[in-house]
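Participant: Dropping a structure here in structure tokens format, bear with me for questions.
The values are calculated or read from the model by the stated rules, or taken from the named source; none is laboratory data. Predicted, not measured: the structure shown is a model, and the values here were computed from it. Virtual Cβ from ideal backbone geometry, glycine too; neighbours counted across all protein chains shown. Quick note on the areas: whole protein, heavy atoms, side chains included, nothing else; ligands and nucleic acids left out. Shrake-Rupley method; radii C 1.70, N 1.55, O 1.52, S 1.80 Å.
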Amino acid sequence: MSQGDSKRGQGASKRGLRKGLTSYGDAEFSLFLRKVFIKAAGYSDDALDRPIVGITNTYSDFNPCHGNVPDLIEAVKRGVMLSGALPMVFPTISIHESFAHPTSMFLRNLMAMDTEEMLRAQPMDAVVLIGGCDKTVPAQLMGAISTDLPTVFLPVGPMVVGHHQGEVLGACTDCRRLWGSYRGGQMQEAEIEAVSNRLAPSVGTCMVMGTASTMACISEALGFTLPLGATVPAPHAERRRIAEASGKRAAEMAKSGGPKPSELMTPASLRNAQVVLQAIGGSTNGIVHLAAMAGRAGLELDLNSFDEIGRSTPVLIDLKPSGNDYMEHFHHAGGLPRLMRELADLLDLSAPTVAGGTLADVVAGAEEVRGQTAIRPRGNPLKAEGGMAVLHGNLAPRGAVIKQAAASPKLMQHEGRAVVFTSVEDMTNRVDDPALDVTADDVLVLLNAGPKGAPGMPEAGYLPIPKKLARQGVKDMVRISDARMSGTAFGTIVLHITPESADGGPLGLVRNGDRIRLDVAKRRIDLLVDNDELSRRAAEPVTLPHEAPTRGYAKLYMDTVLQADGGCDFDFLVPPKQS
Ligand code: FES
């Protein structure tokens, strides 16, 4: 038997080009045909006998956050080849926050399915997922967890900061703050135009602790990303070196067979990720995405435990929107390894990572940076408690979330009169109407903006302050909804009310003029209306503000999407929970 025959024999098993052969009823012919076609691209037998590392290409002209993906792909390929494996680049869907209608969240599960099926369908022994813009990170990791293929996640990295009139600023906390100034008449049109050139000065993801930064940090905390992979700015040379290192590690994982996502996504690492999410003052979207990723591994993210973790985990990162700095400052202060050293007693440091060791190794390698201020010591936290609190009450039987780190202290206990908008469209049409009956003490309520109601659970939970109040200098009001909020936003905003109003949740029973009480210390959100009246309202039929879709992805979405506490995944993609 020739050497080639012997290799072919092993291959019937499982590695490289021999994996997942197309079905023609003759495995040897399937492999022969696959080689015939791939040789059209000029590959040698030596190359084709190597383990294969897939690399996702999520570059898109519609996704400027991923503008450095082509460079990163080249660096990953270099790392893969330096380690003796064969890199194979393939495209998947790319989603940008501002270029996805109706919302990026509506498409997240489609990207997860695309990623999962391409990882399954094509022969590869490991994969490097390159992503970053908000929903792309959870989508790619959800797909990878479902396939359980050895995976390295490489974030594209955050943008560098912008400057305007001597002020450091960036996307997109300052987009919202400065737009608020413009709406309130404190900034003129020429200046807001000038600012629009400066808020996003490079490729990469939003450089505050928004959803993209949050998800990159979660990926690093879970062990899917190499140390410092979450924080190195997108345009830096170090980002390319991390890409090369990611390729090397993926090649080694392709040969050794692990660690697999099932070894990384465990109850211990899920808890670690929640500690980090609270300590970074992360995006409220992070909890929805983490629930979805956990669900793919058969784990359940318990909101009450998350709240408990928050009570003992201070916010230590001084980044917008909760604090002052930006991702590059966090990086130069030592990044996630340095933060995790500060949190060491709250973490399970035995959790493995794709770097090849454990979190204990990562923490041991953290750099001490003299004089840095972006990562606070435990004795001087930015906030004594974690970034998020979980609320319950008769308005939120299965929970709601508030980003207390970015809320106004004086509104954390508040009772006010409800001013109700029945849909995002209704809010858009009426919120700036001078005749709107609203005061700064009222509670703005948005209905039908959840996973099914909108659909796609838009980031509409950051209801704008009505213009007439903004012009009086009102900067914050209590706002509640079943929507999400951008991780870059701030305010006293109750989100993800579950179940949503369009799914029969009691939020749909709120009427103009009702009294609502928020008490974050007691973790309560309540509608102060007696039960008889609520029963009467509940008997009225619920109508969606849009036609139910009858075909395509929209129908699949509407028929199967779970509520926020299930991570808004599709029910048929979630395996049974591990006992
Ligand atoms: Fe892409 Fe913010 S819009 S990360």
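Participant: Using DSSP, restrict attention to beta bridges with both residues in the chain and report what percent are antiparallel, rounded to the nearest 5.
Facilitator: Antiparallel bridges make up about 45 percent of those DSSP assigns within the chain.
Participant: Jot down the radius of gyration and Dmax of the stretch 341-454, Cα atoms only, both in angstrom.
Facilitator: 21.6, 62
Participant: Provide the gained length on full extension for the span D148 to A268, in nm with one decimal, where the gain is 0.36 nm per separating residue minus the Cα-Cα distance.
Facilitator: 41.4 nm
Participant: At a probe size of 1.4 Å, how large is the accessible area of R523, to the nearest 10 Å²?
Facilitator: 20
Participant: In units of 2.2 N^0.38 Å, what is the alpha-carbon radius of gyration of the stretch 125-238?
Facilitator: Rounded to two decimals, the normalised Rg is 1.26.
Participant: Please work out whether the stretch 458-579 counts as rounded, prolate or oblate from its C-alpha gyration tensor, where a ≥ b ≥ c are the square roots of the eigenvalues and a/c under 1.5 means rounded, while otherwise a/b larger than b/c means prolate and anything else oblate?
Facilitator: Prolate, because a/c is 1.5 or more and a/b exceeds b/c.
Participant: Ranked by accessible surface with a 1.4 Å probe, highest first, in what order do Y557, Y24 come?
Facilitator: Correct descending sequence by accessible area is Y24, Y557.
Participant: With the Cα gyration tensor of the stretch 106-168 in hand, give its eigenvalues times 5 under a square root as the equivalent ellipsoid semi-axes, listed largest first in whole angstrom.
Facilitator: 31, 13, 7
Participant: Now a separate question. Measure off, as a whole percent, the carbon and sulfur share of the 1.4 Å-probe accessible area of the stretch 46-138, all protein chains present.
Facilitator: 58
Participant: Could you work out the relative contact order of the chain? I mean the mean sequence separation of Cα pairs under 8 Å and 6+ apart, divided by the number of residues, in percent.
Facilitator: Contact order relative to length: 13 percent.
Participant: Take peptides 426-432, 405-411 and line them up by average Cβ neighbours within 10 Å, highest first, as a rough protection proxy.
Facilitator: The densest-packed peptide leads the list: 405-411, 426-432.
Participant: I need the per residue convex hull volume for the stretch 244-320, using only the alpha carbons, in cubic angstrom as a whole number.
Facilitator: Hull volume normalised by residue count: 119 Å³.
Participant: What stretch of the chain, leaving out the sites themselves, is the longest with no GluC sites (Glu not before Pro) in a DSSP loop having at most 11 other Cβ atoms within 10 Å?
Facilitator: The longest uninterrupted stretch comes out as 1-367.
Participant: In addition: Any idea what the relative contact order of the stretch 55-197 is, in percent, if you count C-alpha pairs under 8 Å spaced at least 6 apart?
Facilitator: Here the relative contact order equals 21 percent.
Participant: As a check on your grasp of the helix formula, calculate [θ] at 222 nm for the chain: sum -39500 (n - 2.57) over DSSP H runs of n ≥ 4, divide by the residue count, round to the nearest 500.
Facilitator: -10500 deg cm²/dmol
Participant: How much accessible area per residue does the stretch 491-579 have, counting only protein heavy atoms and a probe of 1.4 Å, in square angstrom?
Facilitator: Solvent-accessible surface per residue comes out at 51 Å².
Participant: Can you give the relative contact order of the stretch 447-541 as a percent, counting alpha carbon pairs under 8 Å and 6+ residues apart?
Facilitator: Contact order relative to length: 23 percent.
Participant: Another question about this same structure. So which trypsin sites (Lys or Arg not before Pro) in the stretch 311-393 end up in coil per DSSP with only 10 or fewer other C-beta atoms within 10 Å?
Facilitator: Answer in residue order: R370.
Participant: How big is the gap, in Å, between the Cα center of the stretch 351-380 and the Cα center of the stretch 517-555?
Facilitator: Cα centroid of the stretch 351-380 versus Cα centroid of the stretch 517-555: 43 Å apart.
Participant: Report the convex hull volume per residue for the chain, counting only C-alpha atoms, in Å³.
Facilitator: 163
Participant: Do the alpha carbons of any pairs in K135/K467; K135/K475; K14/K77 sit beyond 24 Å of each other, and which pairs?
Facilitator: From K135/K467; K135/K475; K14/K77, over 24 Å: K135/K467; K135/K475.
Participant: Another question, then. List the pair-distance distribution P(r) of the stretch 27-109, using every Cα-Cα distance, as the percent of pairs falling in each 10 Å bin from 0 up to the bin containing the longest distance, rounded to whole percents.
Facilitator: The percentages, shortest bin first, are 15, 35, 26, 19, 5.
Participant: If you don't mind, there's one more thing I want to ask. For the stretch 332-407, what does the alpha-carbon gyration tensor say about shape, rounded, prolate or oblate, given a ≥ b ≥ c as the root eigenvalues, a/c under 1.5 as rounded, and a/b over b/c as prolate?
Facilitator: It is oblate, given that a/c is not under 1.5 and a/b is not larger than b/c.
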